[in-house]
Amino acid sequence: MDWACRLLGLSPEFLNSSEVGGGVIQNTACDSALVAIVAARSLYLRHHPNIPLTDLVIYTTSQTHSLGVKAGLVLGLSVRVLEVRAEDNFSLRGKTLRLALEEDERQGLKPFVLIATLGTTSSGAIDNLPEIQQI
């Protein structure tokens, strides 16, 4: 992948040979999401090694591309689909996320990744990233 980094003019930290950066090229959005979720799961489990996989949860919304649910199926992880409202242009709001996190925490579940959307296939919805970031 070093050739691609050089072609794009990225800094040396992105080179595989730097032993810091590197990466792969995925051929679909689904593959990219799967790789990102695997990385998120690995990072979460590195920091929380005693958490069973059955407690991990992927968050998506009812407007998120099916890639979130597919990743959950492939990885054997639970997926929670958060409902969004037409009044909010099908955007995930901070309050919805906060309530879901609190509910799952009470149940001992561990949401470790949220697949936010920026122009969904089904409705063009854009999640409210400033609100989500505050959570």
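With respect to (1) among the β-branched types (V, I, T); (2) touching a strand residue (DSSP E or B) at 6+ places or on another chain (Cβ under 8 Å); (3) loosely packed, with under 14 Cβ neighbours inside 10 Å, the lone exception for I132 is condition (3). For first residues located in segment 16-39 and without any contact (Cβ under 8 Å) to a residue 24 or more places away in the chain, partners that are open to solvent by less than 70 Å² (accessible area, probe 1.4 Å) and hydroxyl-bearing (S, T, Y) and lie 6+ apart or on another chain with Cβ distances below 7 Å form the pairs Q26/S32.
Taken over segment 67-90, the criterion of being open to solvent by 50 Å² or more (accessible area, probe 1.4 Å) and of a type outside the set (A, V, I, L, M, F, W, C) is satisfied by K70, G76, S78, R80, E83, R85, E87, N89. Of all residues assigned to segment 21-32, none qualifies as being open to solvent by less than 50 Å² (accessible area, probe 1.4 Å), part of a helix (DSSP H, G or I), closer than 30 Å to L109 by Cα and aliphatic (A, V, I, L, M). Among the conditions (1) surrounded by 13 or more Cβ atoms within 10 Å (Cβ to Cβ); (2) closer than 25 Å to E103 by Cα, F14 misses just one, which is (2).
So, of the residues in segment 91-125 that are small (G, A, S) and closer than 15 Å to R80 by Cα, which turns out to be most open to solvent (accessible area, probe 1.4 Å)? Break it down stepwise before answering.
Going through segment 91-125, the residues small (G, A, S) turn out to be 91, 94, 100, 108, 116, 119, 122-125.
From what is left, the residues that are closer than 15 Å to R80 by Cα are 100, 108, 116.
Working: A100: 4, G108: 31, A116: 47 Å².
If we take residues in segment 91-125 being small (G, A, S) and closer than 15 Å to R80 by Cα, then A116 is most open to solvent (accessible area, probe 1.4 Å).
The values are calculated or read from the model by the stated rules, or taken from the named source; none is laboratory data. As the structure is a computational prediction, the values presented were derived from the model and not from experiment. Positions of Cβ are backbone-derived with ideal geometry, glycine not excepted, and every protein chain shown enters the neighbour counts. SASA here: full protein model, heavy atoms, side chains in, ligands and nucleic acids out. Shrake-Rupley method; radii C 1.70, N 1.55, O 1.52, S 1.80 Å.
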